[in-house]
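What follows is a single structure, written as structure tokens, with notes after it.
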Amino acid sequence: QVQLVESGGGLVQPGGSLRLSCAASGSISSISAMGWFRQAPGKQRELVAIITSSGMTNYADSAKGRFTISRDNAKNTVFLQMNSLKPEDTAVYYCKLHTMMEYYWGKGTLVTVSS
């Protein structure tokens, strides 16, 4: 079993910053990629950013220039630094882990951007 535990969500004012963390534990085989997705009320879950084991990254257009994904391979942890947050960034943010054969989701952490 693989467990993903997200942390770092919360309430922040527009223009503020948050740093999300996701720690993976359990019977993890070779990780190919880790990433962040989000789901706003009434909307589909969407990709925010993803990073491969070699460090290649991909961002949603909405995240480019404001969010930065990084990872600590030794600790099986992925981070999402979010700056210049906007009300439309409000969502539950989910961590996703890919191995060669499977993928796993975390339970999510709520990010609310509001004044």
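For the range 93-107, indicate whether the set of residues that are out of contact with any His (no Cβ under 6 Å at 6 or more places or on another chain) and more than 24 Å from Gln1 (Cα to Cα) is non-empty.
There is no residue in the range 93-107 that is out of contact with any His (no Cβ under 6 Å at 6 or more places or on another chain) and more than 24 Å from Gln1 (Cα to Cα).
Of everything in the range 52-110 that is more than 17 Å from Ala23 (Cβ to Cβ) and among the acidic types (Asp, Glu), the residue that is surrounded by the fewest Cβ atoms within 10 Å (Cβ to Cβ) is Asp61.
So that you can scan it fast, the table gives a plain yes or no per residue for (1) assigned to a strand (DSSP E or B); (2) over 10 Å from the mean Cα position of the chain (by Cα); (3) at pLDDT 95 or above; (4) within 17 Å of Gly42 (Cβ to Cβ):
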site	(1), (2), (3), (4)
Ala74	no, yes, no, no
Leu80	yes, no, yes, no
Tyr94	yes, no, yes, yes
His98	yes, yes, no, no
Met101	no, yes, no, no
Lys107	no, yes, yes, no
Ser115	no, yes, yes, no
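Considering the range 1-25, the residues that are open to solvent by 60 Å² or more (accessible area, probe 1.4 Å) and of a type in the set (A, V, I, L, M, F, W, C) include one that is nearest to Lys86 (Cα to Cα), namely Leu11. Looking across the range 1-41, the residues that are modelled with pLDDT under 95 and part of a loop (DSSP other than H, G, I, E, B) come down to Gln1, Ser27, Ile28, Ser29, Ser30, Pro41. With respect to the conditions (1) under 22 Å from Gln1 (Cα atoms); (2) without any contact (Cβ under 8 Å) to a residue 60 or more places away in the chain; (3) not aliphatic (A, V, I, L, M), Lys64 lacks only one, and its number is (1).
The values are calculated or read from the model by the stated rules, or taken from the named source; none is laboratory data. Every value quoted in this text rests on a predicted model; they were computed, and no experiment measured them. Because the Cβ atoms are built from the backbone with ideal geometry, glycine has one as well, and the counts that use them run over all protein chains shown. Each accessible area value is taken on the protein alone, full model and side chains, heavy atoms only, with ligands, DNA and RNA left out. Shrake-Rupley method; radii C 1.70, N 1.55, O 1.52, S 1.80 Å.
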